[in-house]
Amino acid sequence: MKITARAHTNIALIKYWGKRDEQLFLPMNNSISITLDQFYTTTSVAFRDDLKADSFILNGIEMGGHEVDKISRFLDLIRQTAGRNEYAIIDSVNNVPTAAGFASSASGFAALAAASTKAIGLDYSGSDLSRIARFGSGSACRSIYGGYVEWNKGVRVDGTDSYAMQILEESKWDLSILSVMVEARQKKVLSREGMTHTVKTSDFYSGWLETIDADLNLAREAIHGRDFEKLGTVLERNALKMHATMLGANPPFFYWTGATLDVMHTVQELRDSGIQAYFTIDAGPNVKVICQPKDEMAVKERMQQIQTVREVFVCHPGPGVSYIGE
Ligand code: DP6
């Protein structure tokens, strides 16, 4: 049977940065994110007994090598759990323009987890899906749910208690999330490598771990109380702290360009002029600016005026994983 599922990207407000177990994708700390409405991946999976290998089609093109290996490794887990050995045809379409600066791995693995488990006959709940999506990419476990989501790091060594939960539904608090794309000609350090190197070598990583619970508490309180200033203050501080751990690594590294700093300064200027806007940055040079919908137009216009900004995409809180055609 062919099953089709869709999952949306998410942006972390309190970051996942560092693993305590790399094989099991177990994080050092909890993280909190917003699932976004605009960008998503739609994936169909059909297991068949006449195939000699998995076949992975992405945006209409048959993939090979590393791309298909990643998917096959993930499906091996599903096959093992279900006690089956058929290969699959995976057809995936990414509505996550690379230009929008969001990684498609979160939405990609969340959609693949939902489609493949159902196609193989496993009856999985949200938390089961979140737990298995984690094995594709840690942040994918948060994309199973819509709205405001927390990934509980868990304490067990086998990782069975490490999965995400919804904190607040998407319809309960609207915010504007602007993805501000900057000009970038930078060598990429993948987030996976960046976090491993940071955990191993950063003098500041202990400070990250010592203060993360306070950040998580503030973010949770702010979300439950719909307190935008409180949320904005802690999310911006948390992002800067994550980037500070990279500056303290040996050798140090950073993702920012001059344009990244232009956007950061402009957000702070906006605040000085009385408009509440805050920024967060992941493992790349682009900036996500978060504001209230009433200020969205003003913030967007101001971002577009920055000479080093290429494009601005606007998102709002979006839904969790869904099955298509049912
Ligand atoms: C900076 O989920 O991409 O975006 O688990 O190794 O696949 P892997 O890493 P990934 O890391 C995301 C890091 C981040 C922060 C976040 O999304 O929480």
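Some observations on this one:
- Heavy atoms of the protein chains alone define the surface here; on that basis the chain has 44 Å² accessible area per residue at 1.4 Å probe size.
- Here the gap between residue 80 and residue 183, fully extended at 0.36 nm per residue and compared with their Cα-Cα distance, gives a gain of 32.7 nm.
- Total charge dipole magnitude, the stretch 176-315, about the Cα centre, Cβ charges on Lys, Arg, Asp, Glu only, Debye to nearest 20: 380
- Candidate aspartates and glutamates for bridging to residue 52, where Cα separation is under 20 Å - those fewer than 8 sequence places away on the same chain excluded: 62, 67, 69, 76, 86, 91
- Secondary-structure-derived ellipticity at 222 nm for the chain, considering helices only, amounts to -11500 deg cm²/dmol, per-run term -39500 (n - 2.57) for DSSP H runs with n ≥ 4.
- Sites residue 128 and residue 52, calculated FRET efficiency, Cβ-Cβ separation with R0 35 Å, nearest 0.05: 0.75
- Dimensions of the stretch 1-150 from C-alpha coordinates, computed as largest minus smallest value along each principal axis and given longest first, are 45, 32, 27 Å.
- Annotation note: trypsin sites (Lys or Arg not before Pro) in the stretch 164-251 located in DSSP loop regions with a Cβ neighbour count of at most 16 within 10 Å are 185, 187, 188, 226.
- Here, P(r) means the percent of Cα pairs in each 10 Å bin from 0 to the largest distance; for the chain it is 6, 27, 35, 23, 8, 1, 0.
- Environment charge of residue 233, counting only residues whose C-beta is closer than 11 Å and scoring Lys/Arg +1, Asp/Glu -1: -1
- Each Lys and Arg contributes +1 and each Asp and Glu -1, all at the Cβ; summed about the Cα centre of the chain, the dipole is approximately 380 debye.
- Whichever lysines have a C-alpha closer than 18 Å to that of residue 300, once near sequence neighbours (fewer than 8 apart) are set aside: 288
- Cα→Cβ-extended label distance, 7 Å offset, between residue 269 and residue 174, nm: 2.9
- Kirkwood-type radius of the stretch 73-218, with distances r between different C-alpha atoms, in Å: 17.7
The values are calculated or read from the model by the stated rules, or taken from the named source; none is laboratory data. Only a predicted model underlies this, so the values are computations on that prediction, with no experimental measurement involved. Virtual Cβ from ideal backbone geometry, glycine too; neighbours counted across all protein chains shown. Please note that ligands, DNA and RNA were not included when accessible areas were found on the heavy atoms of the full protein model with its side chains. Shrake-Rupley method; radii C 1.70, N 1.55, O 1.52, S 1.80 Å.
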